[in-house]
Structure formats: structure tokens, C-alpha cells
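Read through the structure below, which is laid out as C-alpha cells, and then see the notes.
Throughout, read-outs are computed from the coordinates displayed, never taken from laboratory work. Worth saying up front: this structure is predicted, and the values here are computed from it rather than measured. Note: ideal-geometry Cβ built from the backbone for every residue, glycine included; neighbour counts use all protein chains shown.
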Amino acid sequence: MKKIFLERETARLIILQRIELLNPILKKIRKLFGRYLFSSFFSKYFINPRSIANQYYNLMEKEFKTINKNIDFNNKKILSIGSGIGGLELIINKKSSSSFFDIVEKNYVSKKIKYGWDKNNQEAYNNLQLLESFLLNNGMEKNCFEIYDCDEDVLPEKKFDIILSLFSLDYHYDFNIYLNYFKKVSDEKTMIIFDTIRPDHFKNIFKNVVILKSDQDTVHRSKRIVCNKFIDN
């Protein structure tokens, strides 16, 4: 897969989730008029969906490369928490075989968003209908995934091989929100991958903690870690 297709509404949603994809002029407009007015008006007319699609795909390819050397994604049951519009899941699906994704996300866009820690997990910027259409429009079969609204649906309870949450779990909100749930749906082989600003904290929770990536110079300042084996499970 060399390219992805984006509808304009999906492209608008992506630049809320990944503000680094905005060009310098649009970043200035966003800063001048504010996120809400920018997303409500300027993004309707001044974004280029094709350009955003190319940038987004390249970014997701880069994210995939940070984890694929350490994790085998073939024939795995994958739980994705906070997938955004699903670009990483799409790439994993294209590059692996017979994996199934249970995707847990929010289904609204907050009027005011702080890009940082929200311990109550009250902020969101996603649309589950757009998430589903993005995956289907770009070749993922419907029998390869299931989407859950984390505020409305009962979450899946089965043992997962991989739990994936880039720039969501413990980056925008506290890991403990899902701690007990993760213990129910994992075993000693389950690999849990996420970004955090406090990697040493998780040495008290997991027997194994490995840093995959350190990112200190971008808007997403954090470390990407992979963990397994809960100490008290």
C-alpha cells in the first residue's frame, strides 16, 4: 500500500489528532484564531486532503517501524486503545496476516482540547463513523476489526496478544483508568505498548519494561515502552 484515501472530513479530524501535519501557514492561522474556530471554519476550506493523506501515511509508517522489530503482529488478537483514525492499525493489517483488532475509542470532539495530561480522560477528538469508513475505504475487511465506544459499549473481554496505545494511554490520561481491565484481558505473554512521560513508574507494575523510543524534541515529548507480566497479577 503506497497511498491512502482521505475524505475531507477525515482529513480535518486527522489534523486535530496530529497537529504536526499542519503546514506553517495553517499553524499560524490556528494559533491566531484558536483551535475551535480553526477546526470549525478554516479547516473546511484551506486543507489539502491528498497532502495530509501522504503525510499521515508516512508518519504511521514511521510509528510502525518503532515497534515492528520487537513485536510479531502476525495472527494476533490486538486491542487498540485510542487509535485515532486508525492509520497504524491499517498498516499493521497490511503488513501482517490474520490479525484481528478490537478498537476502543471516544466518539466526540471536545470544543477545547489541551494537548497533555488529562487524568479523568474527559477530552476527545474522534468520530467512530469516520474511523470505520477510513479503514474500509483503505482496504481493511470488516471481519478484521470491531470498534467500541469506550463511553457507551461493554469492552471486549478476551485474552489479547497485544495491547496498543500510542500517544493516548498514560500520555493524555492515567494508565490506571484501564489497569484492572488490562489484568483481565492479558496473560504473561501479552505485550502492552504505549507512550508515557514516566517510564520508571511502570517498573513497579510490570516485571518487564523496555524502552522502544525516546522522543524529547517534538510536541509529543515522551518515551515509548513495551511491558508485560504484571507483578501483582
ask   = What ranking, highest mean first, results for peptides 162-169, 88-95, 73-80 when packing means the other Cβ atoms within 10 Å averaged over each residue?
value = 162-169, 88-95, 73-80
ask   = What is the distance, in nm, between label points placed 7 Å from the Cα along the Cα-to-Cβ direction at ASN176 and at SER133?
value = 4.0 nm
ask   = Sorted by mean Cβ packing within 10 Å, highest first, what order do the peptides 139-148, 10-19 take?
value = 10-19, 139-148
Residues of type aspartates and glutamates that LYS3 reaches as a straight line, Cα spacing below 20 Å, ignoring anything fewer than 8 places off in the same chain = GLU20, GLU61, GLU63, GLU89, GLU132, GLU141
key: Listed pairs LYS77/LYS142; LYS158/LYS223; LYS62/LYS213; LYS183/LYS203; LYS183/LYS213 exceeding 22 Å between Cα atoms   = LYS158/LYS223; LYS183/LYS213
query = Which FRET efficiency value, to the nearest 0.05, is calculated for ILE197 and ASP232 with the Förster distance at 25 angstrom and r the Cβ-Cβ distance?
reply = 0.60
inquiry  = At 7 Å along Cα-to-Cβ for each site, give me the label-to-label distance between ASN48 and GLU152 in nm.
reply    = 3.6 nm
